[in-house]
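First up is the structure itself, then whatever we jot down about it.
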């Protein structure tokens, strides 16, 4: 094992790359929180919150797929950035943009054509009130997938070339727009009618359009690090599609199947009643907050590792790996303590009934301890392995843990053994224990280092 990096510039670099991403992720999460908190106050029975929460399991799947497709570019872009090969970076980006836009349009069409089918997957048809509200929400909010795809593709490229700070301001605009529009459209302010969950969906759509417009303006007209024109997007190169399919697409598949597993978890949860749905929605939000900073740091680590691999400085790559693992293990302990300590005031933000509040408190207290494994494996799989081009291995691990461990155990706990609801929820997080052990073992050797750049001229 390589020694720990003592050069302070490394830590400054990872923070420089990660903090803007952390703020961006926080702002994006606050958009969802704002939706849920406001929606929870529409009706005292919790039907609106349940409808939005379960519908968003489908939205989360789509957004994770698109983020994964965009994130798959980072291993290629960061390694070419290490070589300062800007021509190939433009050609890789053209592929990413095309893939994200095409997939978003396909998902939108499917949901618009078959909304009832998709709703039935995540909500028990017997919950007629929740289903009716979901049918108001999902067909509208799915239209936001296209502007989200555009934003994800652009920001993915900017991260790869170490332009990250501006994304804070762009995403903050989305938060302000969403919260303001939520207040106006959900509750009927400034002369607008009160539209409830429909208003929440419209607000999200408009906020995404505003965000995408600002991102594109900055990308094509303002930034000078890597000038790109709209015409560049038409230059679809066979080699770029081939390399993306080999090294980048596994990231998209990983994130997509992870989100699909998450959606199936919500299918299981959706069969357990409104109280479980709402408690799980609030707990998931808290767990995401606990994981957010770790995920951002991992994305920063990915860029640094990828850049070092592109330069073929493999001793530095190994040293990065050692340092990052230790950093993230300690961070996991800290985040576990924070989430466990602050879970009560966080849950109080939501207008939950007493029984649902108590269930969410128990669920979040138990789930907080999974953040140790979640944080560590993020350092490895999202940061080290992804930056080093080891995406196929990560994809296989995620698939095995999700489909062969989490889903079977959760289903057995819910429907066969009929464990208490908080135990069922804990089983949805049990894969983190296996992932961090596998990640630890994988990084003992050198099989995870893959230089994916091409030496020939484009």
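Side notes on the structure shown:
- Across the range 249-368, C-alpha contacts under 8 Å between residues 6 or more apart give a mean separation that, scaled by the residue count, equals a relative contact order of 37 percent.
- Distance-filtered residues of the range 218-234 - backbone nitrogen under 20 Å, label point 7 angstrom along residue 16 Cα→Cβ: 223-227
- Extension reserve of the residue 117-residue 190 stretch, reckoned as 0.36 nm per residue once the Cα distance is removed: 22.7 nm
- Measuring between their Cα centroids, the range 1-43 and the range 311-372 lie 12 Å from each other.
- Alpha-carbon centroid distance for the pair the range 389-407 / the range 136-206, whole angstrom: 31 Å
- If R0 equals 51 Å, the separation of the Cβ atoms of residue 245 and residue 423 corresponds to a calculated FRET efficiency of about 0.80.
- Within the chain, helix-based [θ] at 222 nm, where runs of 4 or more DSSP H residues each add -39,500 (n - 2.57), nearest 500: -24500 deg cm²/dmol
- Projected label distance in nm at residue 8 and residue 224, using a 7 Å step from Cα toward the beta-carbon: 3.0 nm
- Considering only alpha-carbon pairs that sit under 8 angstrom and 6 or more positions apart, the relative contact order computed for the chain is 24 percent.
- Rounded FRET efficiency, nearest 0.05, which uses the C-beta distance separating residue 416 from residue 322 and R0 of 35 Å: 0.25
- The alpha carbons of the chain stretch over 61, 46, 36 Å along the principal axes, in descending order.
- Once the Cα-Cα distance is subtracted from the 0.36 nm per residue extended length, the residue 349 to residue 405 segment shows a gain of 16.8 nm.
Values quoted throughout were computed directly from the atomic coordinates according to the rules given, and no laboratory measurement underlies them. Computed from a predicted model, the values in this text were never measured in an experiment. Note: ideal-geometry Cβ built from the backbone for every residue, glycine included; neighbour counts use all protein chains shown.
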